[in-house]
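Shown next, in structure tokens, is the structure this report addresses.
Please treat every number below as a calculation from the coordinates, not as lab data. All figures in this text were calculated on a predicted structure; none of them were measured in a lab. Heads up, the Cβs are rebuilt from the backbone with ideal geometry, glycines too, and the neighbour counts pull from every protein chain shown.
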Amino acid sequence: MPSAPLRCVAFALALVGSALPVAAQGGFETLDPAYGNETARRAFYGGFALSGEAALRALGGGEVGAAPIGNLSLAARLDYAVLPRVDLALVADLTGAAQSGPLGLSWVVVKPYWNSERTDFALRLAVDPASEGGLGFRQTDVAFFSTTALSPAVTNDFSASARRVRTGYSLATEETTEPLLGASADRPADPRRERLVGQELRLGWGYNVLFDPAGSRLSLGLVAEGGSYSVVPSRVRNEAGDDGPPAPRAEQRRVRTAAGWLRAGIEFSRPKYQAAPFVSVPVVTWDDAEDPADLPGRRLQRIQFGLRLTLR
């Protein structure tokens, strides 16, 4: 167990992190709840753990509802045991800093654990604290996890999660013969704003083979995920700086996506650290959009490689 001063430092970092300026959740899934190889068992033994993850995906553009993003993603996570069976985690997307963009808090996560016979269970509530001026959170994710010991060397993982998404992103305004409301030679029109509102569901099933007394493991699993969204044009500001009327419902567009992933990895566990390289391969993808422009470089068909390092 870490000493009391170290526990105090970790808790102070958590409080400071919660006060950092927040940024929109990045479009790439590093340390994103319901995307990683998360289980119902706590991954650290002391009062806290610090994780970093770097991931690389095949070449592509942005994704549904996001600005164009790069192929390299960096993230950091601080886990703190606030109670013997309850963890608090702060996840920061470092990709913005690597690309000279914003750096901030991406997720705040609360995760309680419990056990029944040979099975561990966990619930997880995660919120994206970034605000775009409205009420509520941009993203809210609720998940259930179970890990069952089938034998001393084999475990089975199951996960199910649902996410509510309310994000916004900019689109370049096309040139027209008529100037947009509020535009002038000295002050060009603001980019068109659109909001993505929808739901996502994910199911995961996998097996782990433990190969040393420290708990190192080989993992192999399948993940099915799908989402249904509405692309809603936002109001346009007039010359007085006020919001105009809301966009007609007829202007809203539907986007639906689905994918199945095969995920494999190996986790080397030691008392003070974990190192876990992994790969995710899409085995089936599907999408449907009223406007193909709403699907720029879909994330759902990008093979991913990564490495996660945890100090505990």
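Highest mean first, what order results for 117-124, 86-93 on Cβ atoms within 10 Å?
Working: 117-124: 16.0, 86-93: 21.1.
Most protected by this proxy first, the peptides run 86-93, 117-124.
Which order, highest average first, do 198-211, 149-162 follow once you tally other Cβ atoms within 10 Å for each residue and take the mean per peptide?
On the way: 198-211: 17.2, 149-162: 15.5.
Descending packing order for the listed peptides: 198-211, 149-162.
In a shell of Cβ-Cβ distance under 15 Å around ARG118, excluding ARG118 itself, what net charge do Lys and Arg (+1) and Asp and Glu (-1) give?
Once positives and negatives cancel, what remains is -2.
Between PHE268 and PHE144, what length in nm is gained on full extension when 0.36 nm per residue of separation is reduced by their alpha carbon distance?
Roughly 42.1 nm would be gained on extension.
Determine the gain in length on full extension of the stretch VAL279-TYR207; use 0.36 nm per residue of separation and subtract their C-alpha separation, reporting nm with one decimal.
Roughly 24.4 nm would be gained on extension.
Evaluate the distance, in nm, between pseudo-label points positioned 7 Å from the Cα of SER230 and of THR119 along their respective Cα→Cβ axes.
3.7
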